[in-house]
Amino acid sequence: KQEVTQIPAALSVPEGENLVLNCSFTDSAIYNLQWFRQDPGKGLTSLLLIQSSQREQTSGRLNASLDKSSGRSTLYIAASQPGDSATYLCAVRHGNNRLAFGKGNQVVVIP
Amino acid sequence: DTEVTQTPKHLVMGMTNKKSLKCEQHMGHRAMYWYKQKAKKPPELMFVYSYEKLSINESVPSRFSPECPNSSLLNLHLHALQPEDSALYLCASSHVGRRLRDTEAFFGQGTRLTVV
């Protein structure tokens, strides 16, 4: 069974600092990995998709890396802003079109 | 357009009521999903439809009844729910096929369901 772990569960950083969020998964047989953002009580917004054959994906201030063999992904958010405060979820797509989610990294950026 | 639209946004229902949640997408996706999310927890998969046929049912109680009337619409019919079924219900869609590594999931804003 695919298990996804996100560390740390929660973190607070001052505005302007870079954010580093970690995601690990137990079964390296994945199709892709997706990072989402979720604001309280809202749906999930897709941030980045990394295919299993890719090592890195970038969008604006966001950069995600993938090391499939070691079962790890890292999301970097450069120069954090208060508007980045949210929960960030990592999900891996594996067998039979399933998405397995981590429990999320709850981020607070302090002005 | 990468939008998945869910209605209603909020729903309060009694344990004897029958209600339905609706989900719509126009991205040409042929896989549609229902997830349930409790507070401070990750989304939990309930159902997957692939090409309008139910392909995954994660042992969901029969008081939840999914329906996919066409490739753009997904419904979740609710009947005789319990207070513990109160949660955020999320719909998602994606392409389906051989290129699963390209498959990006798009989620709606959810329906906040309260069972009283």
Quiz item: So, in nm, how far is label B:Ala80 from label B:Arg101 when the simple model puts each one 7 Å beyond its Cα toward the Cβ?
Solution: 4.8
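Over the protein assembly as shown, what number does the Rg to Rh ratio reach, with both radii from the alpha-carbon atoms and Rh per Kirkwood? Before the final figure, lay out the partial values.
Details: Rg = 17.6 Å, Rh = 18.1 Å.
My calculation puts Rg/Rh at 0.97.
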Quiz item: Average partner chain C-beta neighbours within 10 Å, per residue of A:33-45?
Solution: 5
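Over chain A, what relative contact order in percent results from Cα pairs under 8 Å that are six or more residues apart? Let's see the in-between values first.
Details: 285 pairs, mean separation 41.3, N = 111.
Normalised by residue count, the contact order of chain A is 37 percent.
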Practice problem: Work out how much length A:Glu56 to A:Ser12 would gain on full extension: take 0.36 nm times their residue separation and subtract the Cα-Cα distance, in nm to one decimal. | Solution: 13.3 nm
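Percent relative contact order of segment B:1-76, based on C-alpha pairs within less than 8 angstrom and at least six residues apart?
28
Sequence gap at least 6, Cα distance under 8 Å: using those rules, report the relative contact order of segment B:26-116 to the nearest whole percent.
Values: 177 pairs, mean separation 26.9, N = 91.
Computed over segment B:26-116, the figure is 30 percent.
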Practice problem: In debye, nearest 20, what is the charge dipole magnitude of chain B about its Cα centre with +1 on Lys and Arg Cβ and -1 on Asp and Glu Cβ, if you could check? | Solution: 200
Quiz prompt | Calculated from backbone phi, Karplus (6.51, -1.76, 1.60) coupling profile of segment A:21-27 in Hz, x at Gly/Pro | solution = 10, 10, 9, 10, 9, 8, 10
Quiz item: Given A:Leu75, A:Leu44, A:Tyr31, which one lies farthest toward the positive end of the charge dipole of segment A:1-84, if we put +1 on the Cβ of every Lys and Arg and -1 on the Cβ of every Asp and Glu?
Solution: A:Tyr31
Quiz item: Taking the alpha-carbon centroid of each part, what is the distance from segment B:29-89 to segment A:43-111 in angstrom?
Solution: 24
Exercise. Could you sort out which of A:Lys1/B:Lys9; B:Lys19/B:Lys41; B:Lys9/B:Lys41; A:Lys42/B:Lys22 sit more than 22 Å apart by Cα distance in this structure?
Key: A:Lys1/B:Lys9; B:Lys19/B:Lys41
Exercise. Determine ³J(HN,Hα), in whole Hz, for all residues of segment B:27-32 in sequence, where each value follows from phi through the Karplus function 6.51 cos²θ - 1.76 cosθ + 1.60 and θ = phi - 60°; x replaces Gly and Pro.
Key: 9, x, 6, 10, 10, 9
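Work out the mean other chain Cβ neighbour count within 10 Å for the residues of A:11-21 and drop it here as an integer.
Working: counts 0, 0, 0, 0, 0, 0, 0, 0, 0, 0, 0.
The mean count of partner-chain Cβ atoms within 10 Å per residue comes to 0.
No lab work stands behind these numbers, since they all come straight from the coordinates. What you see is a predicted model; the values in this text were computed from it and never measured. Reconstructed Cβ throughout: ideal geometry from the backbone, glycine too, with neighbour counts over all protein chains shown.
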